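Structure first, then comments.
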Amino acid sequence: MHPSTTRSGNGDGGPAARTALLLLADGRFPAGGHAHSGGAEAAVHAGRIHDTATLEAFLTGRLHTAGLTAAALAAAAADGLDPLELDAAADARTPSPAQRSTSRRLGRQLLRAARTAWPAPALDDLAAALPGGPHQPVALGLTATAAGLGPGDAAAAAAYESVNGPATACVRLLGLDPYAVAAVLARLAPAADRIAADAVEAAGDARALGPEALPAASAPLLDHYAEQHASWKVRLFAS
């Protein structure tokens with residue numbers, strides 16, 4: 001078996017897949033994430049984020065709620081669980097209509113990019129089964145597999161995305177020092193690694209018990225912000 005498709009016990013796709021992981025996590029990968037703030041724009045408008053300290057608090061909360069849920073769904077998809085069942089599980093874990101719409105839009109964009117970068121029948125099948133777009137974490141998990149990555153890589157990418165997108169958005173929204181924001185992300189890195197590890201463990205439980213065993217960490221304020229943001233006529237980010 002080619003080393004890039006070998007899965008080790010921790011779900012890592014192996015050294016040969018590291019560049020693929022870097023590409024997938026790169027904000028320049030055309031998956032549409034750069035147009036979304038992950039709730040940060042509404043949080044800035046509400047005064048909850050106004051400096052690097054409040055940004056760090058916001059990102060910490062987001063990582064342990066939306067980030068954990070997304071990472072577990074991505075890991076489960078990369079581990080071979082039924083993507084349609086996982087998509088339904090993602091829908092059940094996304095109570096905000098605006099959040100569901102955003103997740104599917106991002107999933108559709110990710111699939112488009114992934115099918116060009118790493119053509120695979122599983123990606124084509126998912127696109128055909130869900131023409132409106134799968135939830136983004138599900139698309140991420142299948143993309144990781146197509147790229148030769150494992151569940152741990154998919155979970156790590158999802159956890160990183162959950163904080164990097166809002167952090168980058170706040171540099172634009174508030175003019176924060178990008179060096180200070182990078183330091184915030186560096187401080188959150190160990191927590192993101194733990195979230196990814198927990199997500200892989202949850203995906204293993206889901207293989208035996210079904211998708212209902214996956215985390216459903218709620219973030220009601222993010223749901224509220226998503227609905228509020230969707231009603232704005234003027235905004236910098238799509239969500």
Checklist entry - Of the residues in segment 142-164, how many are surrounded by 23 or more Cβ atoms within 10 Å (Cβ to Cβ), closer than 17 Å to Arg28 by Cβ and of a type outside the set (A, V, I, L, M)? => result 3
Checklist entry - Does segment 108-119 contain any residue that is touching a Leu at 6+ places or on another chain (Cβ under 9 Å), surrounded by fewer than 24 Cβ atoms within 10 Å (Cβ to Cβ) and among the small types (Gly, Ala, Ser)? => result yes
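From Ala144, Ala189, Ala182, which residue is touching a residue at least 12 places away in the same chain (Cβ under 8 Å) and out of contact with any strand residue (DSSP E or B) (no Cβ under 6 Å at 6 or more places or on another chain)?
Numbers: Ala189 fails: touching a residue at least 12 places away in the same chain (Cβ under 8 Å); Ala182 fails: touching a residue at least 12 places away in the same chain (Cβ under 8 Å).
Criteria check complete, one pass: Ala144.
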Checklist outcome for this item: Of the listed residues (Gly141, Gly204), the one being over 18 Å from the mean Cα position of the chain (by Cα) and within 11 Å of Ala72 (Cα to Cα) is Gly204
Checklist entry - What are the pairs, 6+ residues apart or on separate chains, where a residue within segment 198-212 that is at negative phi and free of Cβ contacts under 8 Å to residues at least 12 places away in the same chain has its Cβ under 9 Å from a residue that is surrounded by fewer than 22 Cβ atoms within 10 Å (Cβ to Cβ) and in a helix (DSSP H, G or I)? => result Asp205/Ala213
Item to check | Filter result (buried (at least 24 other Cβ atoms within 10 Å of the Cβ) and either within 17 Å of Glu212 (Cβ to Cβ) or of a type in the set (Ser, Thr, Tyr) (or both)) within segment 53-69 | outcome: Leu68, Thr69
Checklist entry - How do the pairs read when you match residues in segment 100-114 that are touching a residue at least 24 places away in the same chain (Cβ under 8 Å) and at negative phi with residues anywhere that are surrounded by fewer than 24 Cβ atoms within 10 Å (Cβ to Cβ) and aromatic (Phe, Trp, Tyr), using Cβ under 9 Å and keeping only pairs 6 or more apart or on different chains? => result Leu110/Phe29; Ala113/Phe29
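Going by the structure shown, is Ala78 hydrophobic (A, V, I, L, M, F, W, C) and surrounded by fewer than 18 Cβ atoms within 10 Å (Cβ to Cβ)?
On the way: hydrophobic (A, V, I, L, M, F, W, C): yes; surrounded by fewer than 18 Cβ atoms within 10 Å (Cβ to Cβ): no.
The answer is no for Ala78.
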Item to check | Evaluation of Gly132 against (1) within 19 Å of the chain's Cα centre (by Cα); (2) surrounded by 15 or more Cβ atoms within 10 Å (Cβ to Cβ); (3) under 23 Å from Pro30 (Cα atoms) (one fails), failing number | outcome: (2)
Item to check | Hits in segment 11-70 (condition: more than 14 Å from the chain's Cα centre (by Cα), of a type in the set (Lys, Arg) and assigned to a helix (DSSP H, G or I)) | outcome: Arg18
Checklist entry - So is Asp198 among the acidic types (Asp, Glu) and buried (at least 17 other Cβ atoms within 10 Å of the Cβ) or not? => result yes
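Each value in this text was obtained by applying a stated rule to the coordinates, not by laboratory testing. Predicted model only: the values in this text are computed from it and were never measured. Ideal geometry is used to build each Cβ from the backbone, glycine not excepted, and the neighbour counts take in all protein chains shown.
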